[in-house]
Structures are given as C-alpha cells and as structure tokens.
Amino acid sequence: MRLSFIVFSTQAHVIMPLTGDREKIKKGLKDLAEVTPAGETYIHEGLKQANMQIAKQGASRFSSIIIALTDGKLDGQIPLYAEKEARKSRELGARVYCVGVHDFEQEQLERIADVKEQVFPVTGGFQALKGIINSVLKQSCTEVLYLEPSSVCVGEEFQVVLRGSGLTLGGRTDSVTCTYQVNGTTIHERPKTVESDFLLCPAPILYKSGQTLEVLVSLNEGQSFMSSSLTITASECSSGAAVLVAVLVLLLLVALGLLWWFWPLCCKVVRWGDKGSTEEGARLEKAKNAVVKLPEEPEEPFHPKPSKRKPTSPAMQQKWYTPIKGRLDALWALLRRQYDRVSLMRPQQGDQGRCINFTRVPSQ
C-alpha cells in the first residue's frame, strides 16, 4: 500500500508524494499535522494533483482510492471543475470518497464522489474526524483473500470462487469483472454472483497439464485490479469410471469369499433316479451276469441308553438381559447344529469304508 498527502486552497501542494516507505509516511504525517486549514476550497486542484500521480505510477496496474476532505462550500464553477476531475480519476481506475467537515453542502460532495454512500459528513468539527475512521476503512478497503479451486482437471469445466471483503463497495456490482490471463491472452468475464465477501465467476477450460491461469478482480471494468493475481494450475485426473470398476470388483471378491465360507452350511438337494439310486448312479450299466453280494454283518443287540435325570436347581432369578440372552443362545444353537451336520458328512480319522464285492458267475 502507498500513500500521498495533498493539501489545497487556491492552489494544491503535495506534502508527501506517493510512497510505501514507512519512514517517509511518518515524516509526511508530521508535516501534515503542522498545516493549518485556511483559505479557499479549490478541491479540483487537489484532485488534479492526485490524478497526475496515479497516471505517473501506472493507473491500470493498481487500485487507487482518493479521499477528499473539505470544510466549506464550493462556490461558482468550482463544483463543475471538481466533478470533471473526479470523472478523470474514475477513468484512471480510482474510487473517489468525500469527507465534509462542519460547513459544507452534502449534494455537492455526492456529485463528486462515486455514489452518495461514499460521502461521510462530520458535523462536529475536525475533533470529530476520529469517529468516522472505521466507517471510511470499511467502505474503502477491498481485498481478495483466497480463491477456490487452486487446481483443476484438464479439459474440465469449472467456476472460480473468490472470497474477500469490500467486493460491492458503493453498490456498483455491474462494473465488477473477473479477468483471466492464460497463454498470453486476457479474458474478461462477468461474475454470476456478487456479494460483499463472495464472487462466483465462470472460467475458461484448461487443456494441458501444468497450464496456469492467472485470476484478477476489478471493480471498475478492468481499469485497475484489487490485488495481485492468484493462480490456478491444471493437472491430469483419474477417471471416475476406473474407480467405480475397482470398487465393483472388490465387492464381487468379497461376495465370492462369503459364499465359499457359508456354502457348507447350505442344504444339498439329492435327485433320486428310477432305479433306486441317484441320477448319476442310475446312468451306470451293471455288468452282465454280475451278482452283488453284501457281506453279512452280525446284528448287535440294541441297548437303550438310560435317560439322564436333569438336575433340579432352584429357579434362576429373572434378569433384565434374560430375554436377549435367550435369543442369542437360540441363534448360537442353530448355527452350531448346522455346523455339526456338515462335520458329520466329512470323513474322520480312523473311519473304515464298506466295500461291495462283485463276483462273476460263469454262464452254464
């Protein structure tokens, strides 16, 4: 930020030229405090000196603010001269604010300032100027804090969101523009949404990885910009379809794993054929003149097992979790019974199979 102090009466005098040096600013404030307000109010002479400095420093590169303070009425042709110089200031990209102290005409200052909201009346004299400092700062200070997004995908349409403060000063949203610089080309776009702390602008598409887009914001149709440019970078992005396919394959593998784990617990259907065997066994042809002999096994006497008496125990005291525990026990018993059924079908260590002997009888 750079400052300049100009005083005017019948002529204008530059107390401190435009500078950002803190030491020079301190000295300029000290020199300004020694000036006694007196004489005529040729405000246009002060505006003329301000315009000369803005033009010399490069008007299109910076956002400029002129705060003109007067303590008297503008007589004769002075209001017309002041309005003319204020228009030149706006053409250079500057915004004009006016402060009227004690004896002034509100309407004259409203015609000089950009809009009437940029006029600050002080009726309590120079001692009351401290009371409007916050109001002037709130109306005049603008800044862009950050933008979204900072990176985009190549070939993808997107919009730029800029957040800051003072983006609608004076209520003139029609002059707000978003300026883009890409490949040596400058593009101006009107924002879709303009709020005091928020801008939404359409942006051009970037077609190369690593390509950069410089973003600037102007409140006066591109004549000057609020701050330094912000950068957006293009990069290659993976397709969402590939991610979706990978997720589906993973889910399929999980489903197959669960099916393999729970398949032994499922019931098996056995189809019986018309020859007293399964369909697969019925397809086998019995050898000619084959006699099937089964080994005789001695019958073992059946001894019924004595029934065990259930031990009598006193009734258990009902707890709050007893119903839940009973349901969980029933579910566990069902799962255990299914597992036992499958385990019985598996051969165990030491089991002996039963063989069928086939003896061929010679034909007579």
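The values are calculated or read from the model by the stated rules, or taken from the named source; none is laboratory data. What you are looking at is a predicted structure, and each value in this text was computed from that prediction instead of being measured. As a convention, Cβ positions derive from the backbone with ideal geometry for all residues, glycine included, and neighbour counts pool all protein chains shown.
Taken together, Val119, Val136 contain a single residue that is in contact with a Leu (Cβ under 6 Å, 6 or more places away or on another chain), buried (at least 16 other Cβ atoms within 10 Å of the Cβ) and of a type in the set (Val, Ile, Thr), which is Val119. Taking segment 101-126, which residues are of a type outside the set (Val, Ile, Thr) and over 45 Å from the mean Cα position of the chain (by Cα)? Matches in segment 101-126: His102, Asp103, Phe104, Glu105, Gln106, Glu107, Gln108, Gly124, Gly125, Phe126.
Whether a residue is modelled with pLDDT under 90 and either surrounded by 15 or more Cβ atoms within 10 Å (Cβ to Cβ) or touching a strand residue (DSSP E or B) at 6+ places or on another chain (Cβ under 9 Å) (or both) was assessed, and Gly93 passes this test. Among the residues of segment 115-149, those identified as assigned by TED's automatic domain parsing to the domain that holds Glu91 and modelled with pLDDT of 85 or more are Lys116, Gln118, Val119, Phe120, Pro121, Val122. Against the list (1) surrounded by 14 or more Cβ atoms within 10 Å (Cβ to Cβ); (2) at pLDDT below 90, the condition Glu45 fails is (2). Between Thr177, Thr142, the distinction of being crowded, with 17+ Cβ neighbours inside 10 Å and touching a His at 6+ places or on another chain (Cβ under 8 Å) belongs to Thr177 only. Restricting segment 155-207 to residues that are in a strand (DSSP E or B) and of a type in the set (Asp, Glu) leaves a set whose member that is nearest to Gln139 (Cα to Cα) is Glu195. The set of residues from segment 119-162 being among the polar types (S, T, N, Q) and without any contact (Cβ under 8 Å) to a residue 24 or more places away in the chain comprises Thr123, Gln127, Asn134, Ser135.
Checking Val176, Val152 one by one, the residue that is over 23 Å from the mean Cα position of the chain (by Cα) and modelled with pLDDT under 90 is Val176 and no other. List the number of the failed condition for Gly240; all other conditions in (1) exposed (fewer than 10 other Cβ atoms within 10 Å of the Cβ); (2) at pLDDT 75 or above hold. Result: Gly240 passes all but (2).
Hey, could you check segment 48-85 for residues that are of a type in the set (Asp, Glu) and at pLDDT below 90 and say which is farthest from Leu219 (Cα to Cα)? Out of the qualifying residues, it is Asp75. For segment 57-99, a residue qualifies if it is over 42 Å from the mean Cα position of the chain (by Cα), closer than 24 Å to Ser175 by Cα and not small (Gly, Ala, Ser), and the qualifying residues are Glu83, Lys84, Glu85. Checking each residue in segment 1-54 for being more than 48 Å from the chain's Cα centre (by Cα) and aromatic (Phe, Trp, Tyr) picks out Phe8, Tyr42.
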